[in-house]
Structure formats: C-alpha cells, structure tokens
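Accompanying notes for the structure given below.
The values are calculated or read from the model by the stated rules, or taken from the named source; none is laboratory data. Just so we're clear, the structure is a prediction, and the values are computed from it rather than from any experiment. For neighbour counting, all protein chains shown are included, and Cβ atoms are generated from backbone atoms with ideal geometry for every residue, glycine included.
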Amino acid sequence: MMHRFVLLTSLSLVLAACGKEELAGPDAAPAAPPAAASATTTQPSMPAPPTVPVPPPPRVDGRGFVLMDFASGQVLAATNENERMEPASLTKLMTAYAVFDALRVGKLKLDDMALVSEHAWRVGGAGTDGSTSFMPIGSQVPVEILLKGMIIQSGNDASIALAERVAGTEEAFAQLMNEYAKRLGMTSTNYENATGLPSPNEYTTPKDMSLLAQALVRDFPQYYHYFSEREFTYNGIKQHNRNGLLARDPTVDGLKTGHTEAAGYCLVTSAQRNGMRVVAVIMGSPSIRAREDGSAALLNYGFGFFESHRFNTAGDALLTAKVWKGEARSVQVAPASDVMLTVPRGQIANIKTTIEVPPSLVAPLARDREVGRLRLTLDGKELGSWPLFPTADVAEAGFFGRLADSARMWVE
C-alpha cells in the first residue's frame, strides 16, 4: 500500500516540508535533512500572491504551431501540433543534430574535409527554394564551413555534402536521421533526405519539431551558436540568415527557417529572457512576415504569462524511507532527473505536492528501482509525475537480521 504525502501550501513551505529549500539555480544552499517516511505532513495554506490572468494564446496565421517551455518540456499553447506536415528546410535541424553527434563521439572533426560530390552540387544547387551555399563541384570543404552553409544559408549542397561525409550516401544518412528521431520521441516524423526538398514520404509535426529544437539546445550547447550567426560568406558570396527574428528580437538565438511551395513558410524559434527559454514552432504560414509575426507573438505570450521553476535537482532527496531486512535501516529517496515546472505567473503558491512511497521498503534495493512517485498538480490538473528512486543501493542483511525484521514486520 502506498503512503501519500499531500502538501497544500506555498512552494517554499512545500520544499521545507520535504527537507528542501526553493532552488533558484545550481548555487542554491544545501538542503536540510529530508523528512522521514513514517508521517504525513500537511502545512497550513498561506495567502497566495496576486495571480496574472492568462488570456487565450495569440492567433497565428499558419497550419499548425507549438509553444513549449524548454526546461520542463510543457506545451504552453498549440494548434494542430500533431498533424503531419512537410518540413521543408526544417529537415536541416535533424541533419545538424546527426552531424553534431558525429562530432561529439569523435567520428568527425570541424576541420575535417568533405567532398562536394556531383550529387551534392547538382541537387543542392537546384533546390525549389533556391537554397545553396555555392560550393564548387568536386571541391573539398571543411566540415565547419559546411555546417555554417547549411545552418546560416540553408544550403542544400552543404547539407548533402555533410550527409555523404557522415554516412556515405544521402539515403543512408536519412536512415540515421530516422534513428535519431525515434530516440528523441519524434513519433510522427520520417526523413527521406538531408535537405527537406519535397519527397513523397517526408513529414513531421510541429510537436516533433519542438522536441528536436529542445534536444539541439540541450545536447549540443557547444555548437548551438551557429544558429544565431547572422551572415556567412563563402567563395566571395555573402548571404544572410533567413531568420528575421534574429534582427528583430535580441533574445532570439535560433533556430531555423523553411519554405517550399507545398510546405509554406515555416520557422522554429528559440529565445531566452531572464533565465527562461521557450521554443516556438510555426508551420504552413502564408508568408515570411506571417511566420515571423506569429513567432514573435508566441514568444511574448510565453514569457509574459508563464514562469519556470526548479522544484528539485536530480538526486536531491525528498524524504527518508524506512528499510526492512537491509544492511541499512533507512534510505533517502529522490527523483533521478531535475524536476522543472512551468505555470502561469503568480500560481506557483497554489501547487499541490504529493509524494507517494510505501510506509517502508524491503531490501535489497537498487538505485535504478522505482520506489514511489512525485506528483505536482495545479487546480486539480496534474502538471507532471516523476519516479522516485533510492539514492544508494541497500544490500540484504544477514540471515538473522532478515529473520528479526520478519518478526518485527508482523508486529508493526
């Protein structure tokens, strides 16, 4: 039977009841010893600060959109977020992800040379959206130059040259892209090429694009700066980044535009203000202006009416649970990952915290064995649920220790 701890109070009191202080960042003060698992603690409610009314999200001129908080992954606003659509050059975000991962594992280096094949030159230079980095056929180009050509100029030739350098052929690289999509939980995405040029079975969704943008920022911060560079010159030809929001809003630092006649105008945007980052995805807009205005409106909506909070850091104990038949008599319990929340501004005091663990645990216990759940709710709606794990392994006690605990368990 699970023992439920229900704390109805402001976040600071909730954290104190769990043996935690509110975390403002990685330098937060050490927590007090966590509460034992043998009692239920309920704190009196405190007056909540004034809340900010949250209006409906802005109207966006596009086929579908998503606004997501980066830290928590919570969707703040969306329309047709799971509808399949043509990705156009948003495809290059996954091309970049795969190349970044090859760099991470040492399969590739930024100063490695890559051949601009006839296929890369011919197909890449003849894209329906005219996206080319003007790489000469048969030339050897550094990987970093190709990355800039693909990300800043949206060059199809640079994308194909990178794909062939990593996987041998563009077709093999597309399969690699699909493997990464599966790993990232992009369940409604399929790639057939590295560029986003129209293909019968190439599709994605606004929600999947938000997951990919989140992964790029999270997994490759050392390469993310390429998405904010405003211009790039190669072969004496200067071209500008097509993401107009980089010039309009100094808090915007990425990510990518896309356009074909069938896909319409698309834009994946990320911005950071006062320590909070949000991701906006718009697909199927009728014009460049529409995708930029819609993205700007979504960013302002997210920053204006929501706030992010770190409830708990991975591995920081929320409570101490009693252990039977173990070499240790108790063990601390904690989530394995950071617990981040995004809520309407002024609502953090109204969060309800529930910690569910058994009254006692029985050894052996492993750190990867789930022993409970942390649930956070607001106005009756669950914001999220996180598994709880022992912070240390607990081995079984010897024969007589287990025998004695068996007798005590019957009594209690």
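Taking the criterion of being in a loop (DSSP other than H, G, I, E, B), surrounded by fewer than 24 Cβ atoms within 10 Å (Cβ to Cβ) and not charged (D, E, K, R), the residues of region 64-108 that qualify are Phe70, Ala71, Ser72, Gly73, Gln74, Asn80, Asn82, Val105, Gly106, Leu108.
Could you check region 370-387 and list, in sequence order, the residues that are assigned to a strand (DSSP E or B) and under 17 Å from Gly326 (Cβ atoms)? Once the filter is applied, which keeps residues that are assigned to a strand (DSSP E or B) and under 17 Å from Gly326 (Cβ atoms), region 370-387 yields only Gly372. The set of residues in region 248-271 being among the hydroxyl-bearing types (Ser, Thr, Tyr) and within 19 Å of Gln222 (Cα to Cα) consists of Thr251, Thr269, Ser270.
Here Ala158 fulfils each of the conditions (1) over 25 Å from the mean Cα position of the chain (by Cα); (2) farther than 18 Å from Gln239 by Cα apart from (2). Of the numbered criteria (1) surrounded by fewer than 16 Cβ atoms within 10 Å (Cβ to Cβ); (2) more than 30 Å from Pro221 (Cα to Cα); (3) modelled with pLDDT of 95 or more, the one Asp61 fails is (1). Pairs linking a residue in region 338-357 that is more than 16 Å from Arg373 (Cα to Cα) to a residue that is of a type in the set (Asp, Glu), with Cβ atoms under 6 Å and 6 or more positions apart or on different chains, are Thr342/Asp69; Arg345/Glu307. Checked against the criterion of being within 23 Å of Pro55 (Cα to Cα) and under 25 Å from the mean Cα position of the chain (by Cα), region 383-402 has at least one qualifying residue. Residues in region 258-282 that are closer than 20 Å to Arg59 by Cα and either touching a Ser or Thr at 6+ places or on another chain (Cβ under 8 Å) or of a type in the set (Phe, Trp, Tyr) (or both): Gly264, Tyr265, Cys266, Leu267, Val268, Thr269, Ala271, Val278, Val279, Ala280, Val281, Ile282. Just one of the listed residues (Glu81, Glu86) is in contact (Cβ under 8 Å) with a residue 40 or more places away in the chain, farther than 17 Å from Tyr226 by Cα, charged (D, E, K, R) and in contact with a Cys (Cβ under 9 Å, 6 or more places away or on another chain), namely Glu86. Of the helices (runs of 4 or more DSSP H) that lie entirely inside region 125-238, those containing 3 or more residues that are free of Cβ contacts under 8 Å to residues at least 40 places away in the same chain and surrounded by fewer than 20 Cβ atoms within 10 Å (Cβ to Cβ) span 170-183. For Asp111, are the conditions met, namely being closer than 30 Å to Leu383 by Cα, among the charged types (D, E, K, R), over 23 Å from the mean Cα position of the chain (by Cα) and part of a loop (DSSP other than H, G, I, E, B)? No. Given the condition in contact (Cβ under 8 Å) with a residue 24 or more places away in the chain, of a type in the set (Ser, Thr, Tyr) and not assigned by TED's automatic domain parsing to the domain that holds Ala213, answer yes or no: does some residue in region 296-306 qualify? The answer is yes; a qualifying residue exists.
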